[in-house]
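The values are calculated or read from the model by the stated rules, or taken from the named source; none is laboratory data. What you see is a predicted model, and the numbers here were worked out from it, not measured in a lab. Cβ placement follows ideal geometry from the backbone for every residue including glycine, while neighbour counts extend to all protein chains displayed. When the accessible area is computed, the model is the full protein with side chains, heavy atoms only, and any ligands, DNA or RNA have been set aside. Shrake-Rupley method; radii C 1.70, N 1.55, O 1.52, S 1.80 Å.
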Amino acid sequence: MKSPFSELLTDREREIVQMLAEGESNKEIASKLCISVKTVETHRATIMRKLDINSIVELVHYAIRNQLVEA
């Protein structure tokens with residue numbers, strides 16, 4: 001079952017949520033996606049605002065509930 005919030009995220013934002021939930025750092029994500037760390041930080045802030053999430057723990061729970069990562 002997909003969360004209605006999932007529809008708020010772009011493909012890139014979902015990709016970043018998945019990588020964050022898998023424990024990758026902003027620097028690792030930036031390197032893998034060939035973007036700057038600042039861009040990753042901006043995506044992360046936007047994702048958390050869109051989903052009304054206040055911590056990385058909540059973001060990981062979101063990713064698991066929405067099957068972006070396996071528990």
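Straight-distance candidates among the aspartates and glutamates for linking to K27, with alpha-carbon spacing under 19 Å and chain neighbours fewer than 8 residues away dropped: E13, E15, E41.
Here the Karplus curve 6.51 cos²θ - 1.76 cosθ + 1.60, taken at θ = phi - 60°, turns the phi angles of segment 44-58 into couplings of 4, 4, 5, 4, 5, 5, 4, 8, 6, 10, 10, 8, 5, 4, 4 Hz, with x standing for Gly and Pro.
The residue among I56, H43, N26 whose Cα reaches farthest toward the positive pole of the charge dipole of the chain, with charges on the beta-carbon of Lys, Arg, Asp and Glu, is H43.
So what is the calculated 222 nm ellipticity per residue for the chain, using -39500 (n - 2.57) for each DSSP H run with n of 4 or more, over all residues, to the nearest 500 deg cm²/dmol?
-19000 deg cm²/dmol
Size descriptors for the chain: radius of gyration and Dmax over Cα atoms are 11.2, 33 Å. Sorting E22, E13, E58, E7 by accessible area puts them as E7, E22, E58, E13; the probe is 1.4 Å, largest comes first, and only protein heavy atoms count. For the chain, the dipole from Cβ point charges (+1 on Lys and Arg, -1 on Asp and Glu) about the Cα centre works out to 160 debye, to the nearest 20.
Identify the residues of segment 15-31 with backbone N under 19 Å of a label point that sits 7 angstrom from the Cα of V57 along the Cα-to-Cβ direction, or state none. Residues 20-24 fall inside that zone.
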